[in-house]
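Derivation of every value follows stated rules applied to the coordinates shown; laboratory data play no part. A quick note: this is a predicted structure, and the numbers were derived from the prediction, not measured. When we count neighbours, we look across all protein chains shown, and the Cβ atoms used for this are built from the backbone with ideal geometry, even at glycine.
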Amino acid sequence: MKRIAQAPNLAIAALWADTLREAGFSASVQRQFLSGIAGELPPDQCLPEIWLLHDQQEAGALALLQDLRNLPQRRWQCACGELVEGGFESCWNCGLAMPA
């Protein structure tokens, strides 16, 4: 087994591990229940971790995780002139839906 990543929280760790498993990697989340003792242990030691069962899958899994960490954010210009960034599908200024 090999640790390939430490996630900032359990939700992201679960998403990463699920995506890795869907891609054919034997990934699991470890330390998922340690957040409750942060303070007793250093907080960085209580973060959830992603582990691979097979060490030879490391290169492919790390490449996929790199892609997941660097997903491009959408940016579009609304008809009202507002620049809308991120995952928003409607303008926060006027409420107009994102164009197709």
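Of note:
- For the chain, a Gaussian network of Cα nodes joined below 10 Å ranks Gly39, Gly24, Gly87 by mean-square fluctuation, and the top entry is Gly87.
- Ranking of Ile4, Ile37 by neighbouring Cβ atoms within 10 Å, starting from the fewest: Ile37, Ile4.
- When you restrict to C-alpha pairs under 8 Å that are six or more residues apart and normalise by the size of the chain, the relative contact order lands at 26 percent.
- Against the set [x] 24, 13, 12; [y] 84, 17, 6; [z] 35, 19, 10, the structure's computed semi-axes √(5λ) of the Cα gyration tensor in Å falls on [z].
- Calculated [222 nm] ellipticity per residue, helices only, for the chain: -8000 deg cm²/dmol; basis is -39500 (n - 2.57) per DSSP H run with n ≥ 4, divided by all residues, nearest 500.
- When Phe33, Phe88, Phe25 are sorted by how many other C-beta atoms sit within 10 angstrom of their C-beta, beginning with the fewest, the order is Phe33, Phe88, Phe25.
- Here the residues Val29, Val84, ranked from fewest to most Cβ neighbours within 10 Å of their Cβ, fall in the order Val29, Val84.
- Segment 24-69, relative contact order [Cα under 8 Å, separation at least 6], %: 42
- From the alpha carbon centroid of segment 44-92 to that of segment 1-28 is 13 Å.
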